[in-house]
Amino acid sequence: MGWLVSLGLAWVLSFSMVCSVSGIGANWGTQASHPLPPATVVRMLRENGIQKVKLFDADYGALRALGRTGIEVMVGIPNDMLSSFAGSVKAAERWVSKNVSTHITSSNVNIRYVAVGNEPFLKTYNNSFITTTYPALQNVQSALIRAGLSSQVKVTVPLNADVYASSTGLPSGGDFRADIQQLMIQIVKFLSDNGGSFTVNIYPFISLYTDANFPVEYAFFDGNASPIVDGSATYYNMFDANYDTLVWALQKNGFGNLAIIVGEIGWPTDGDRNANLLYAQRFNQGFMSHISGGKGTPMRPGPIDAYLFSLIDEDAKSIEPGNFERHWGIFGYDGKPKYLFNLGTTNSNGLIPARGVNYLEPKWCLLKPSANLTGDQMAPSVSYACSRGDCTSLGYGTSCGNLDAEGNISYAFNSYYQINNQLDSACKFSGLSMITRTNPSVGTCRFNTMIQPYYGSAGRLHGYLGNVFGSSLSLIVLLLMIL
């Protein structure tokens, strides 16, 4: 849809100004090698005044911890379950009974939405969920009605902003994507008939990542970009333009009053030259400042309902979209705030960190100074460490982009070592590595020590990954080794 509205949204600015944003939400993802205990995360949510949370699945521990807190919950159904629900209302009823009804009645969890799928119509999915999403949505709604919950719990489908486009490059040209227009109209009508909302994920960062000609300033809320004029409306940032492109699409198809939820919006802090602390703080704080007065957009005045993406970094996420995927959190993997960020929900000028977090010992696995960089075992050792660890902070423009070859190798070794809970056997690497108690962190590059693994309520150990990660990162490190 062009850079003007091809993906946009935002979230948070103003260091000293306390914003009064009512009910800001956050996405709580759990694709981490060492997730924080759910009780720790929920306490962090409450202490930071975050009143709504969006889950990507029906994680039992997370839902149980959210009980009796009053925090509004959107619980997700993953895409790989859509086929089952599309073909069987009984399957949907069983899921609702186990993951919605039980938590509401036994733990008083304030579940308000069920998110059916997650961006199921992304073009990169090659129509994998085109035929199952709408039937699954219908059957989940039927299950909620049968459970007597349809007045309290509403259905929605979180969609990427690529489901609509503009034929003119302006918001007023907005309409649903031609290949799925009729399907979108069916879904929108169903949501409208059942009191649901249109949930959309908008990401200016992705536009900047994929389009070298995207005007950087238009992603932010400082008013430094050249405005776009669309009739009587003037757009000073990408979020307003993208949001109103959706409003126009809804209006053209007869649903101009359908409620809109911004399901995801944020900016990553690492893994790309434009993913850094400065830009993330500028974007996120700018978004909060932008929506704090309830002004809305030119086409849709009023408060904006939004969920920040995301709450905590996830080091086990797929990096197929880019290395930045593991760095969206406003908190790091250990619940520490990454930068000064005022949500305007507490008396604090910044985020309140997680409490009671326990770390493994302060020790690291590094390359031996005597190791031969060109030896036969070096390349496969680095490849192994990176493919099973997390090397997304290595590369051009990243937080560890200034490391030399030895530093890159040490970073890879240490990542694997920490993810494997500092087992002695995880720092062998054919005699190329050693364990040290001297912190090797330098400049902006942080060599982490991992938090202690969490044992879930079912006795399942969280904190060890087998062969989870892809091998593309190892190629980056191998290239850096020879520079």
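The values are calculated or read from the model by the stated rules, or taken from the named source; none is laboratory data. Computed from a prediction, not measured in an experiment: that's the story for all the values here. Note that we place each Cβ from the backbone using ideal geometry, even for glycine, and neighbour counts take in every protein chain shown. We work out accessible area using only protein heavy atoms, side chains counted, and drop any ligands, DNA or RNA first. Shrake-Rupley method; radii C 1.70, N 1.55, O 1.52, S 1.80 Å.
May I ask you to list the residues in the stretch 74-91 that are touching a strand residue (DSSP E or B) at 6+ places or on another chain (Cβ under 9 Å) and closer than 12 Å to GLN138 by Cα? Residues satisfying the conditions are LEU82, PHE85.
Just so you know, in the stretch 147-159 the residues that are touching a helix residue (DSSP H, G or I) at 6+ places or on another chain (Cβ under 9 Å) and closer than 18 Å to VAL262 by Cβ include one that is surrounded by the most Cβ atoms within 10 Å (Cβ to Cβ), and it is VAL157.
With respect to VAL109, is the statement that it is touching a His at 6+ places or on another chain (Cβ under 9 Å), at negative phi and modelled with pLDDT of 95 or more true? Show your work before the answer.
Numbers: touching a His at 6+ places or on another chain (Cβ under 9 Å): yes; at negative phi: yes; modelled with pLDDT of 95 or more: yes.
Taking the combined requirement at face value, the residue satisfies it.
Scoring ILE228 on the criteria (1) open to solvent by 10 Å² or more (accessible area, probe 1.4 Å); (2) in contact with a Pro (Cβ under 6 Å, 6 or more places away or on another chain) leaves a single failure, condition (2). Return a yes/no flag: does the stretch 200-211 have any residue that is open to solvent by 10 Å² or more (accessible area, probe 1.4 Å), over 26 Å from ALA115 (Cβ atoms) and without any contact (Cβ under 8 Å) to a residue 60 or more places away in the chain. No: the stretch 200-211 contains no residue that is open to solvent by 10 Å² or more (accessible area, probe 1.4 Å), over 26 Å from ALA115 (Cβ atoms) and without any contact (Cβ under 8 Å) to a residue 60 or more places away in the chain. Pairing each residue of the stretch 154-172 that is charged (D, E, K, R) with any residue that is buried (at least 19 other Cβ atoms within 10 Å of the Cβ), provided the two are 6+ apart or on different chains, yields C-beta distances under 6 Å for LYS154/TYR113; LYS154/GLY196. Evaluate the following for SER410: is it among the small types (Gly, Ala, Ser), open to solvent by 10 Å² or more (accessible area, probe 1.4 Å), modelled with pLDDT of 95 or more and within 26 Å of the chain's Cα centre (by Cα)? Criteria not met by SER410. The residues listed here are GLN152, GLN141; of these, the one that is within 17 Å of VAL75 (Cβ to Cβ) and part of a loop (DSSP other than H, G, I, E, B) is GLN152.
Every residue, every condition in (1) farther than 19 Å from TRP328 by Cα; (2) open to solvent by less than 10 Å² (accessible area, probe 1.4 Å); (3) among the basic types (Lys, Arg); (4) in contact with a Leu (Cβ under 6 Å, 6 or more places away or on another chain), yes or no:
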site: ALA233; (1), (2), (3), (4): yes, no, no, no
site: TYR236; (1), (2), (3), (4): yes, no, no, no
site: PHE239; (1), (2), (3), (4): no, yes, no, yes
site: PHE283; (1), (2), (3), (4): no, yes, no, no
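Within the stretch 252-276, the only residue that satisfies the criterion of being crowded, with 18+ Cβ neighbours inside 10 Å, of a type in the set (S, T, N, Q) and farther than 19 Å from ILE202 by Cβ is ASN276.
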